[in-house]
Amino acid sequence: MPYDETNKLKIGVLVSGRGSNLEAIIKAIEEKRLKNTEIAIVISDNPEARALEICREHNVPAEYIYPGEFKTKLEGEAEERYIKRLKEKGVELVVLAGFMRVVKDKLINAFKNRIINIHPSLLPKYPGLHTHQRVLEAKEKESGCTVHFVNEVVDGGKRIMQAKVPVLPDDTPDTLAARILEKEHIILPKVIQMFADGKIDYDTFSDKPILLGEET
Ligand code: GRF
């Protein structure tokens, strides 16, 4: 269903740290580049996250929710707490924007095909951590970022949009990450807009990602 000014797409954003992708979404909404969308809630698994400060600065509702005893995943009671809060806020699309935990079945099923993630590589290449280091070691000529649906396979769901950047001869993981991050900030709001416009139906969406610059 396409959304409009009076019936906006409610998104819930999960974060863990710096929050630059979250900030890109907030600014896109403020500057009306991202339309018919509102952030219903931001949830952080880290009380010190800079992302929470960004929310305070922009008057976006945000909470830290205790993520439980596991370090790398959201499971059990913590997972239920997250689901409950997202549902209470009427969230229709969950956006993982630098959320450093693996999400498990319960959350995935509670928001079936309505969870997306941004990953800093050209998936299916380089899922998981330390992406840029591995790209440089493999002497890749290009890298980039991918927005994809979240399923049980880490960084393995259907890909929605990608942006490419060159890998330069003197790149370090940091310089490559910075070049890719600029593209992340473009494609994540774009994909959210596609959801708000009712342009993404999971079942009919192939795994062939739209390339930034080639979207129709
Ligand atoms: C981004 O590179 C994103 O692709 C990855 O984690 C990083 C988060 O950065 N999943 P930020 O918190 O959005 O600044």
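The values are calculated or read from the model by the stated rules, or taken from the named source; none is laboratory data. Predicted model, so just to flag it, every value in this text is computed and none were measured. Note that we place each Cβ from the backbone using ideal geometry, even for glycine, and neighbour counts take in every protein chain shown. Remember, those area values only see protein heavy atoms, side chains included, never the ligands or the DNA or RNA. Shrake-Rupley method; radii C 1.70, N 1.55, O 1.52, S 1.80 Å.
At-a-glance table
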| quantity | calculated |
| --- | --- |
| Only listed residue being loosely packed, with under 15 Cβ neighbours inside 10 Å and of a type in the set (Asp, Glu), chosen from Glu79, Glu63, Glu75 | Glu63 |
| Selection count, region 148-165, where residues are open to solvent by less than 30 Å² (accessible area, probe 1.4 Å), in contact with a Gly (Cβ under 8 Å, 6 or more places away or on another chain) and not in a loop (DSSP other than H, G, I, E, B) | 5 |
| Scope region 133-147; condition at positive phi and either loosely packed, with under 14 Cβ neighbours inside 10 Å or charged (D, E, K, R) (or both); matching residues | Lys139 |
| Val15 vs. criteria surrounded by 17 or more Cβ atoms within 10 Å (Cβ to Cβ), under 15 Å from Leu96 (Cα atoms) and within 16 Å of the ligand (Cβ to nearest atom) | yes |
| Hits in region 166-197 (condition: surrounded by 18 or more Cβ atoms within 10 Å (Cβ to Cβ), outside any helix (DSSP H, G or I) and touching an Asp or Glu at 6+ places or on another chain (Cβ under 9 Å)) | Val167 |
| Every residue from region 113-132 that is within 13 Å of the ligand (Cβ to nearest atom) and either outside any loop (DSSP other than H, G, I, E, B) or open to solvent by 80 Å² or more (accessible area, probe 1.4 Å) (or both) | Ile116, Asn117, Ile118, His119, Leu129, His130, Thr131, His132 |
| Residue satisfying condition, being at pLDDT 95 or above, assigned to a helix (DSSP H, G or I), over 13 Å from the mean Cα position of the chain (by Cα) and under 24 Å from Thr146 (Cα atoms), within set Ile41, Ile25, Ile108 | Ile108 |
